[in-house]
Amino acid sequence: MRGHLEERAKGTWRAKVFAGIDSTGRKRYVTRTVHGTKRQAQAVLNELLVEVDQGSANPDDGTFADLAERWMEMAEAELSPTTLSEYRRLLDKRILPKFGRRRVRDIRSGELDAFYAVLLKRGGVGGEPLSAQSVRLVHALIRRLLNQAVRWGWIAFNPAQRATQPRRRVQDLGIPAPVAVWRILFAAADQDPDLALFLRLSVVTGARRGEICALKWTDLDTEASTLTISRSIVDGRNDELIEKGTKTHASRRVSLDPATVEELKVHRERCEEWADACGATLPNSAYLFAQEPDGVAPWRPNRVTLAFGRLVKELGIKGVRLHDLRHFAATQMLAAGVPVKTVSSRLGHANAATTLNVYAHALTESDEQAANVLAALLDPSST
């Protein structure tokens, strides 16, 4: 029997409904206490049965693991594979070992604060401190899950809202020096012309690695010297490659310099020669950087990252990541006086405010240069 009434005392009833099995194999029940007649209690029981069927009722012993499992199933259609993978990693590695078996209704703000403090002290690999940014990500996921618990009626308020997350620290961007970028590009040209072109596009467009992996020949307009960036490739589960929209879900057209256009033309010739040698045809819908001669499957983003890592290691260049080429492009444009709005559009930021927040230090340097230029105009000795 899924639901029944229990008379606790005269005029007091408990409506109890079976709500399934939790992730640990235990039976879950939803109960409500009713003060009144048996008919009133039966009406509450009927409502409770409907709520359980709709998934809006709160099992008294519903655990955080139950909540996480249900939320992940619901969010799978909305979140990107990369985000889902990161959420699963945070849950499995950090959150569920601590709170997985805890009833959601029993979690308190103070416990979360204590948990964050432990992570900051020894939550990293080998008991090393975990960065404040990583702990903030853990907090954000817990808060998001508990917000959903509130919406589902599992709890009345979200204890994570009252918890204290670590302060946001200004991220020290790894921006390589121009000489390091030149060395990387020259070395790549000697070893792998295709990789060299990929890295050149990273520098001259400021595009993300997944966006460059997703480029097709139809996105290139050699006459107008432009490249349209409208999609991205991400590494999914089980070696699956997934094509999705850009981070802001908006396409953008970026201008290319003549030398880069010529490099792309030469790259097209290489691709066609490869296809001919293999008896394949290279259509215009092929990817610029493809795994096979027919251009159907794009490069894996992780493959490019690994190749870049090997290259900089051979050169003895430390602390430079593939993504830092994007930072290099942004800061060089800003330092050269390119308007923030233009830089923002080229990078594919949602708005110029994002560019201002990320690269404020570069703008400060440019502002100091501007101050010196204006001061020189007012100094008679400089004329």
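Overall, segment 144-206 carries a charge dipole of about 680 debye about its Cα centre when +1 sits on the Cβ of Lys and Arg and -1 on the Cβ of Asp and Glu, all other atoms neutral.
If we count every other residue with Cβ under 9 angstrom of G348's Cβ, Lys/Arg +1 and Asp/Glu -1, where does the sum land? Every neighbour counted, the sum reads +3. In this simple spin-label approximation, R8 and E223 carry label points 7 Å from Cα along the Cα→Cβ vector, and these lie 7.9 nm apart. Axis angle, to the nearest 10 degrees, between helix 132-151 and the longest C-alpha principal axis of the chain: 40 degrees. For the pair segment 114-180 / segment 265-281, the C-alpha centres are spaced 48 Å from each other. For segment 165-266, the Cα gyration tensor yields ellipsoid semi-axes of 24, 21, 15 Å (square root of five times each eigenvalue, largest first, whole Å).
Counting alpha carbon pairs within less than 8 Å and at least 6 residues apart, what relative contact order, in whole percent, applies to segment 1-148? Before the final figure, lay out each step's value.
On the way: 168 pairs, mean separation 23.9, N = 148.
This gives 16 percent for segment 1-148.
Among the GluC sites (Glu not before Pro) within segment 225-310, those in coil by DSSP and having at most 11 neighbouring Cβ atoms inside 10 Å are E240. Only helices enter this figure: runs of n ≥ 4 DSSP H residues, each worth -39500 (n - 2.57), summed and divided by the residues of the chain, yield -15500 deg cm²/dmol at 222 nm to the nearest 500.
About its Cα centre, how strong a charge dipole does the chain have in debye, to the nearest 20, once Lys and Arg get +1 and Asp and Glu get -1 at the Cβ?
Values: 55 positive and 46 negative charges, 552 e Å.
So the magnitude is around 2660 debye.
(1) 29.3; (2) 17.3; (3) 25.5: which one is mean projected area of the Cα convex hull in nm² as calculated from this entry? Label (1) holds the value from this structure. Annotation for segment 127-222: trypsin sites (Lys or Arg not before Pro) lying in DSSP loop with at most 10 further Cβ atoms inside 10 Å of their Cβ are R167, R168, R169. For the chain, the residue among V203, T226, W154 whose Cα projects farthest onto the positive side of the dipole built from Cβ charges is W154. Helix 109-122 sits at what angle to the longest principal axis of the chain, using alpha carbons and giving 0 to 90 degrees rounded to 10? Relative to the chain, helix 109-122 is tipped by roughly 40 degrees. Against the chain, whose longest principal axis comes from its Cα atoms, helix 81-90 is set at around 60 degrees. Both numbers refer to the Cα atoms of segment 209-278; Rg and Dmax are 14.0, 40 Å.
Please tell me the relative contact order of the chain in percent, rounded to the nearest whole number, where contacts are Cα pairs under 8 Å and at least six residues apart.
Numbers: 522 pairs, mean separation 43.0, N = 383.
Once normalised by length, the contact order is 11 percent.
Greater than 18 Å separation of Cα atoms is the criterion. Which listed pairs, K265/K313; K216/K313; K216/K244; K98/K121; K16/K38, meet it? Checking Cα-Cα distances, K265/K313; K216/K313 exceed 18 Å. Near L322, once Lys and Arg are set to +1 and Asp and Glu to -1 for all other residues with Cβ below 10 Å from its Cβ, the sum equals +3.
Every number here is computed from the coordinates shown, using simple stated rules; none is lab data. Here the structure is a predicted model, which is why all the values come from computation and not from measurement. Note: ideal-geometry Cβ built from the backbone for every residue, glycine included; neighbour counts use all protein chains shown.
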